[in-house]
1. Show the residue pairs that are 6+ apart or on different chains and have beta-carbon atoms under 8 Å apart, the first residue being within the stretch 44-63 and under 19 Å from F105 (Cα atoms), the second being in a helix (DSSP H, G or I) and not hydrophobic (A, V, I, L, M, F, W, C).
2. Here are some residues: R276, R226, R247. Which one is at pLDDT below 95, charged (D, E, K, R) and more than 28 Å from Y302 (Cβ to Cβ)?
3. Need at least 2 residues that are over 22 Å from R459 (Cβ atoms), assigned by the TED database to the domain that holds A299 and touching an Asp or Glu at 6+ places or on another chain (Cβ under 7 Å) per element, so show me which helices (runs of 4 or more DSSP H) inside the stretch 201-288 make the cut, counting only ones lying wholly within it.
4. For the stretch 489-497, state whether one or more residues are surrounded by 12 or more Cβ atoms within 10 Å (Cβ to Cβ), outside the structural domain of Q439 (by the TED database) and free of Cβ contacts under 8 Å to residues at least 12 places away in the same chain.
5. Do the conditions hold for E25, that is, is it charged (D, E, K, R), surrounded by 17 or more Cβ atoms within 10 Å (Cβ to Cβ), under 22 Å from L233 (Cα atoms) and not assigned by the TED database to the domain that holds E134?
6. I'm checking my understanding of the structure. Among residues of the stretch 439-476 that are charged (D, E, K, R) and surrounded by fewer than 17 Cβ atoms within 10 Å (Cβ to Cβ), which one is farthest from T488 (Cα to Cα)?
7. Evaluate the following for F213: is it under 26 Å from G275 (Cβ atoms), touching a residue at least 24 places away in the same chain (Cβ under 8 Å) and out of contact with any strand residue (DSSP E or B) (no Cβ under 8 Å at 6 or more places or on another chain)?
Amino acid sequence: MSTSSRQVGQHFEHCLSIIRQASIEILTLLKLRVTEGKDPRWFLEQLDQARLNLGGWGAVAQRLGINDSQLSEFMLQLRHLQQGIPSYEHGQGATENQLIAALRFVVTLEQIKQQQPLLMFNTGYASDGEQLQEPALRQLRAVELTIRGLIGEAWPDEPHLHHFLKSQFGPQACARWHSRSPSGEMLDGMTFSEMALLLVDKKTFSRHFTSFFNYATALTFLVEQRLTLHLFLDDIRRMRNSVLAHRTLGEMECLLLDLYAQQIAAPVQRAYEQGRTRVNPASLMAADGAEVQQFWERAHDYARAYGLDGRPIPDSIERLSQKTRQRADTRERIIAAVLWSAVGVTVLVMALGGIWLLTATPEVVPSAVSPIEEQATAAEARATPSPREILARRGILWDSNALRSAIDSNNIEVAELFLRGGMNWQLAWTDLAMSAGHQTVLNLLLRYRLQMDEPKPCRRFINTLTHEMSQGAPLNTVRKSYLQTFCTTPAVVARQRQAVDNAQRRNQASGNAESKKWLLIQRSIYEVIR
């Protein structure tokens, strides 16, 4: 597929027509009477009205046949699409980023349609989708081998790679990869998400791969190229799983994959042509059919033996390793607690037995009150369920995605149960609640601020905040509270002071309204945290 600006505009118009038709059917399903579909902002407003009419986002999700996590993703993508096309008119030129946002939302609509048979809207063109499968298989293979080639250049031999992986993931993970690898090489035993993590982890990306992807026209969908690459690769992981599950990719998925593959390959191809890497994406795409078929046969064998790659690409290696260490520490603490409890019980029984032997007389009748009191106390404790038990009774899994969904949908009751139960949360999970103005759940999270465990969250949080403020969002009390709570460390304050200085220099150089606006935004944030 070619993605010239004319074709980008045509595909974008097609996506908008799909979204308008889908919005009519979805809103009708949610008991709202509408005669025509309009722009994404209108769709968002109508969905919020449906939430009010039905009594909450849970009822909306139930009518659509999806869970809370899927509804959260649906709303997040619709909001992202709405922010990307605030004033689009028919026939107006569209960018690749706008097309990507529209395609991602259409693919999500297709997934909802599969789960709700009452939805009948069409999402594809009239062409034969089968002819798109072969190029899609080539692109998926090329992306995976491009990642593998870049990793191979960063760690050029197996001992170096083994040492790095062992230090970051531990010996158990390395042993698992060795046992799964048919060739004995670690990368052959990894899943796609595990290999992609080596590329998009913040430290490894800045140390080894920034120079390859530092290309102004590619990977600009999100505020950072690394974050954009992470998002694209996680979507590619899902498409790859569909292929391994013998499901045909839809036309919209193939078009989205084509855009992803171009934006990932273009910077690497440029680096290859400049002699900065030996990885040549063009040659990977031009491989003969036998090589492509052999690649997918091995991938199917791996999936049959070990299952699909069901876990999303983690945020960072450090975070994944931290969770692994926490699980190991928890197991050790539980074992130690059980052993010490057994020792304590043994000592207590021996002490009570000695006291009884010394004080017992034939006239003394053993009291039955103490066991009864103990049973009553135990029954009372059982009668008060823990937050985890309450969630389990409601059919809600003890899962971070469920907490994030509760935050997105402003479900105070469920979010508080997770927080009372001790679940940690991340500042990144507040983006949708911030843009939607869900002050109640945001204030709730501040009450459990000690459970916010995202490492160094402020760079991303401030970047997102400045972007929203540039679109007209206010620096309200809640946003100020979050800045003051989490972003007043000396390093963050110094970095923001530098951002103000840079904005001031740009304003002095250009003096236009745009540079003045950015100066005011950066300065207002600095005034809050200094």
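1. Taking only residues 6 or more apart or on different chains, the pairs are L44/R79; L44/Q82; Q46/S23; W57/R51; W57/D68; V60/R51; A61/D68; A61/Q70.
2. On the way: R226 fails: more than 28 Å from Y302 (Cβ to Cβ); R247 fails: more than 28 Å from Y302 (Cβ to Cβ).
Residue meeting the stated conditions: R276.
3. 225-244, 251-273
4. Residues of the stretch 489-497 that are surrounded by 12 or more Cβ atoms within 10 Å (Cβ to Cβ), as a first pass: 489, 492-493, 495-497.
Now drop any that are not outside the structural domain of Q439 (by the TED database), which leaves 489, 492-493, 495-497.
Applying the additional criterion that residues be free of Cβ contacts under 8 Å to residues at least 12 places away in the same chain yields none.
The answer is no; no qualifying residue exists.
5. Working: charged (D, E, K, R): yes; surrounded by 17 or more Cβ atoms within 10 Å (Cβ to Cβ): yes; under 22 Å from L233 (Cα atoms): no; not assigned by the TED database to the domain that holds E134: yes.
No, not satisfied.
6. Narrowing the stretch 439-476 to residues charged (D, E, K, R): 447, 449, 453-454, 456, 459-460, 468.
Subsequent filtering for residues that are surrounded by fewer than 17 Cβ atoms within 10 Å (Cβ to Cβ) retains 447, 449, 453, 456, 459.
Working: R447: 18, R449: 14, D453: 16, K456: 12, R459: 12 Å.
This residue is R447.
7. Details: under 26 Å from G275 (Cβ atoms): yes; touching a residue at least 24 places away in the same chain (Cβ under 8 Å): yes; out of contact with any strand residue (DSSP E or B) (no Cβ under 8 Å at 6 or more places or on another chain): yes.
In short, yes.
Matching residues to (1) under 21 Å from A265 (Cβ atoms); (2) crowded, with 16+ Cβ neighbours inside 10 Å:
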{"position": "L132", "(1), (2)": "yes, yes"}
{"position": "Q139", "(1), (2)": "yes, yes"}
{"position": "L150", "(1), (2)": "yes, yes"}
{"position": "S167", "(1), (2)": "no, no"}
{"position": "Q172", "(1), (2)": "no, no"}
{"position": "G189", "(1), (2)": "no, yes"}
{"position": "F192", "(1), (2)": "yes, yes"}
{"position": "A196", "(1), (2)": "yes, yes"}
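The values are calculated or read from the model by the stated rules, or taken from the named source; none is laboratory data. This structure is a prediction, so every number in the text was calculated from the model and none was measured. Methodologically, a virtual Cβ is constructed for each residue, glycine included, from the backbone with ideal geometry; neighbour enumeration extends over all protein chains shown.
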